[in-house]
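Here's the structure, in structure tokens; my notes come after.
The values are calculated or read from the model by the stated rules, or taken from the named source; none is laboratory data. The structure presented is a predicted model; accordingly, all values stated were derived computationally and were not measured. All Cβ positions, glycine included, derive from the backbone under ideal geometry; neighbour counts span all protein chains shown. Areas reflect the complete protein model, heavy atoms only, side chains present, ligands, DNA and RNA absent. Shrake-Rupley method; radii C 1.70, N 1.55, O 1.52, S 1.80 Å.
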2 protein chains.
Amino acid sequence: MNTVTDNRQGTLSDQVFWRIKEDIVTGVTPQGQKMGEAELAKHYDISRGPLREALQKLEAINLVVKAPHAGTHVVTLDAEKMREVYQMREAMEGFATRLATQVMSKNEINNLYRLLDQHEAGINDTGGKVYFQEEGDPDFHYYIFSKCGNVQLVNYLENQLYQLLRMCRHRTSRLPYRAEKALSEHRSIVDAINNRDAEFAEMLMRRHIQSSWKLVESMLSEQNQQ
Amino acid sequence: MNTVTDNRQGTLSDQVFWRIKEDIVTGVTPQGQKMGEAELAKHYDISRGPLREALQKLEAINLVVKAPHAGTHVVTLDAEKMREVYQMREAMEGFATRLATQVMSKNEINNLYRLLDQHEAGINDTGGKVYFQEEGDPDFHYYIFSKCGNVQLVNYLENQLYQLLRMCRHRTSRLPYRAEKALSEHRSIVDAINNRDAEFAEMLMRRHIQSSWKLVESMLSEQNQQ
DNA sequence: CATTGTCTTATTGTCAACAATATAACCAAA
DNA sequence: TTTGGTTATATTGTTGACAATAAGACAATG
């Protein structure tokens, strides 16, 4: 189990790291917020030692930025930074998809198809679309890139990029998300994987990510005009 | 200036981080070495607080691995990990080259040509080939990917991947490096950039990295047979 | 002799006080 | 009024002591 993805227990610094991370990623702690050590330590009822370690871990995954002797602030995701995050994601997750296509077992591919079926079945339930957007879609992506066979790559995607991505998503919630379109793109990707067409699977994944960026981008320019 | 690439001054934890990092990357500290906190703190004449922060920074760039309550060890680069590092490098630096081709200024491209000329002029000096391998080649790669226009990508390549790469290189020093071949590949890459042929530049960069991996790989299998 | 359980010990995790630094508040001079 | 330097204060960086944990030594039992 992974200390970034799930660590509600363990050392104090890990626990507090996890709690602060969730607060940042879900928008409870606003972007640009000053993270005073004394204040936070008091709030989480720990001393400044482990709290500083927690902040350092947050810095390592780019959720906060530290300035020597000046303090640490929650990162501010402007349009340019978000563009960079999606650009990175397109390249790296596309590459991971290519690799996964080459090494996934038949059994794992069947699991993917089952996952698709579940998503399609649940999408018309009450709140099914929101659930798919917030849980199903990330699950799908995670399942694929976690099978790419490159630990370095998986760690980077899971611990760094996807945390920033969740932040982007929250900053642009209420976007005109079309779950049906995303789902059909998912199925095309799995079909390409099933055909062992690595190049095509990578291309489809990249386009899938591009289209979600376009959605986010249009949302951002709308916000700018207001 | 960057806290991973150059930080011989600043806070104690930064200074010691930099010193330990150099020792690990250059092989002074052997792979798998136990990093006892008390011992290290005494050696660098600081207290355990900043030393722990330094170790945490090393963990963030994958040079050491920490186990809760058990201690931290220098990472051990086996053949599989090295394969992953070169695979990541091929994908990410290739992508960075593609981006750089699209946004580099004419002036920056001219700088690249000047760099090539310097390298070609110096390669026949005494120790010129070794100098090119250890300084010139990394400079060339850094100059290109630093111009890709994606801060996230540059940071990852510079602070994480290239540190591990230096470690790989040291582990396989005395490989049959052919500076002339590398240099001509460099020139081809710059030509592709100059022609604004992003796809071709990416391909050439990927092949250039592939061939250096093949060298490392053959070295590793030789070591295995002995 | 092997194995299990306890205890010791070395190491890491945590804490609270102290030192160093940067921000800002303030005053003086132009 | 503005600008420049000086001081005050709040915050971060650092330290050494204390607590908690895990690995190893050792003895007792089958």
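Out of the residues in the stretch B:47-65 meeting the condition of being in a loop (DSSP other than H, G, I, E, B) and away from DNA strand C (no atom under 13 Å from the Cβ), tell me which one is farthest from the other protein chains (Cβ to nearest Cβ). Looking at the filtered set, the residue picked out is B:63. Is there a residue in the stretch B:52-61 that is modelled with pLDDT of 95 or more, within 12 Å of DNA strand D (Cβ to nearest atom) and open to solvent by 40 Å² or more (accessible area, probe 1.4 Å)? Yes, the conditions are met somewhere in the stretch B:52-61. Against the list (1) in contact with a helix residue (DSSP H, G or I) (Cβ under 7 Å, 6 or more places away or on another chain); (2) crowded, with 18+ Cβ neighbours inside 10 Å; (3) part of a helix (DSSP H, G or I), the condition residue A:160 fails is (1). Tell me, yes or no, whether the stretch A:139-157 has at least one residue that is more than 14 Å from every other protein chain (Cβ to nearest Cβ), out of contact with any Leu (no Cβ under 9 Å at 6 or more places or on another chain) and surrounded by fewer than 21 Cβ atoms within 10 Å (Cβ to Cβ). Looking for residues that are more than 14 Å from every other protein chain (Cβ to nearest Cβ), out of contact with any Leu (no Cβ under 9 Å at 6 or more places or on another chain) and surrounded by fewer than 21 Cβ atoms within 10 Å (Cβ to Cβ), one finds none in the stretch A:139-157, hence no.
Just to be sure, is residue A:16 under 23 Å from residue B:149 (Cα atoms), within 16 Å of DNA strand D (Cβ to nearest atom) and under 21 Å from the mean Cα position of the chain (by Cα)? So residue A:16 fails the test. Being assigned to a helix (DSSP H, G or I) and open to solvent by 10 Å² or more (accessible area, probe 1.4 Å) is true for just one of A:116, A:99, A:112. Which residue is that? Result: A:99 is the single residue among A:116, A:99, A:112 that is assigned to a helix (DSSP H, G or I) and open to solvent by 10 Å² or more (accessible area, probe 1.4 Å). In the set (1) modelled with pLDDT under 95; (2) touching a Phe, Trp or Tyr at 6+ places or on another chain (Cβ under 9 Å), residue A:136 fails one condition alone, (2). Do we find that residue A:193 is open to solvent by less than 70 Å² (accessible area, probe 1.4 Å), within 30 Å of residue B:154 (Cβ to Cβ) and in contact with a helix residue (DSSP H, G or I) (Cβ under 9 Å, 6 or more places away or on another chain) in this structure? In short, no. Annotation: residue B:68 fulfils all but one of (1) at the interface with another protein chain (Cβ under 10 Å from one of its Cβ atoms); (2) crowded, with 21+ Cβ neighbours inside 10 Å; (3) not hydroxyl-bearing (Ser, Thr, Tyr); the unmet one is (2). Each residue in the stretch B:71-89 was checked for being of a type outside the set (Val, Ile, Thr), outside any strand (DSSP E or B) and away from every other protein chain (no Cβ under 11 Å), and 3 pass. Whenever a residue of the stretch B:138-153 is free of Cβ contacts under 8 Å to residues at least 60 places away in the same chain, its partners that are open to solvent by less than 10 Å² (accessible area, probe 1.4 Å) and among the hydroxyl-bearing types (Ser, Thr, Tyr), lying with C-beta atoms within less than 8 angstrom and at least six residues away or across chains, give the pairs B:145/B:97; B:148/B:97.
I'd like the full set of residues that are in a helix (DSSP H, G or I), within 16 Å of DNA strand C (Cβ to nearest atom) and either closer than 15 Å to residue A:167 by Cβ or more than 14 Å from chain B (Cβ to nearest Cβ) (or both), limited to the stretch A:24-41.
A:38, A:39, A:40, A:41
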